[in-house]
1. With a cut-off of 8 Å between alpha carbons and a minimum separation of six or more residues, what is the relative contact order of chain B in percent?
2. Near the amide H of residue B:218, under 5 Å away, which other amide H atoms are found, from residues 5 or more places off or on another chain, if H is placed in the peptide plane?
3. Taking the Cα atoms of the stretch B:9-96 alone, what are Rg (to one decimal) and Dmax (as a whole number) in Å?
4. Which order results if A:39, B:241 are arranged by neighbouring Cβ count within 10 Å, fewest first?
5. Pull up all non-local amide H partners of residue A:70: gap of 5 or more, or a different chain, and H-to-H distance under 5 Å with H placed in the peptide plane.
6. Taking 0.36 nm per residue of separation and subtracting the Cα-Cα distance, what length does fully extending residue B:147 through residue B:206 add?
7. Would you work out which of B:125, B:9, B:108 lies farthest towards the positive end of the dipole of the stretch B:1-145? Charges go on Cβ: Lys and Arg +1, Asp and Glu -1.
8. What list of ³J(HN,Hα) couplings, whole Hz, do you get for the stretch B:140-152 from phi and the Karplus terms 6.51, -1.76, 1.60, once you set θ to phi - 60° and write x for glycine and proline?
Amino acid sequence: MSRLRTICLATAAAATIGSMGSAPRPAAAAPAGAQTRPTGGIQWFSRLKDGLAEARKTGRPILFLSAAPSCGGVPGVW
Amino acid sequence: MDRSFLSLTPVIQASRRFVCIRTLTYESPEEREFQRALFVGRSGDVENTTFCVLSPDGKQPITRAGRGIRQIFQSPDQMAEWMGKAADYYDDERKKAGEKAAAPTALPLSDSVRLGLNTAMADDLPLVVVYGATREAAARLEQAAAELAWKPEFIGKFTYASSEKAAELTPIDPAAKPGLLVVQPDKFGLAGKVLARIEAGASTEKLSETLRKGLRAYRPRALFGWEYLRAGQSAGAFWETRLPVTDFQEAQARERTRRFSAPPNP
């Protein structure tokens, strides 16, 4: 995650410079239903109290991560 | 999306024996204190990311805590192998205590529809919104959705949020009617559109079919990395955190974006 964070911050800076005076290139539309992972990813609890309660109830260890869903202020990206 | 460890099959499979908690940095004072107790950066405060594995009571770290997974594990395969051994250890502990194996059953909700939209976009997943006319109605629908969320067919394929407040649904559908909605986040996770909907009180089979319909209609994100950030900055998409950003690099990057996105002085 830290390596990705570095990449994220570097691209955020580059994007700031690169955006000045030019519009983003239009993206090709992805096909509907094109899920990248047919088996599903990690199912995260987003609220700490909910996850802690489930861990106590089940006796399972906890994979804990805190992350910000924005990069350089742009939302929608880890 | 993180493709280095957490998106790889061995780690995902290993995660099914854990309770996985991913809090949102800078969005909750209580969660910030929990994060802060585990790890602080050189600034003496929380950074954007913190990773750790904890005992089931949430009190004992069983790995070092760090800013990233790479600080703790060498590779996804090594991480998955270690996770398997840790899960075995706690399985044995439960057996010794005479306790039966149990799995998570609660619906893993985001704290709000707004946070759910942003998280869904970041994960490139559809958002399921449980919308009840009252808190009690929402709770009943949450229970019905929870029975499906952990099934192999649906686990890890959705982000979830719940509300009984019409105002929370405004960025998705200002005229939304109560029910279960499968939502496509917009380009930057600030709004969304309904892909599938079923009224509250529907049968389990109808709820399942609604989730399937939403998955079929969902369009994965089109932009990544540089292109995505550049498009977001150009569109003026900006995420206001609830708490101050204490990660120095991220705070600087936010200021650059804010200056760039700000309208020119008259």
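Here, each number is a calculation from the coordinates, and none is a lab measurement. Keep in mind it's a predicted model, so treat the numbers as computed, not measured. Quick reminder, even Gly has a Cβ in these numbers, built from the backbone with ideal geometry, and neighbours come from all protein chains shown.
1. 18 percent
2. A:33
3. When restricted to Cα atoms, the stretch B:9-96 yields Rg and Dmax of 13.9, 44 Å.
4. A:39, B:241
5. A:77
6. Answer, rounded to one decimal: 19.9 nm.
7. Result: B:9, furthest along the dipole toward the positive end.
8. 5, 6, 4, 4, 5, 5, 4, 5, 9, 4, 9, 6, x
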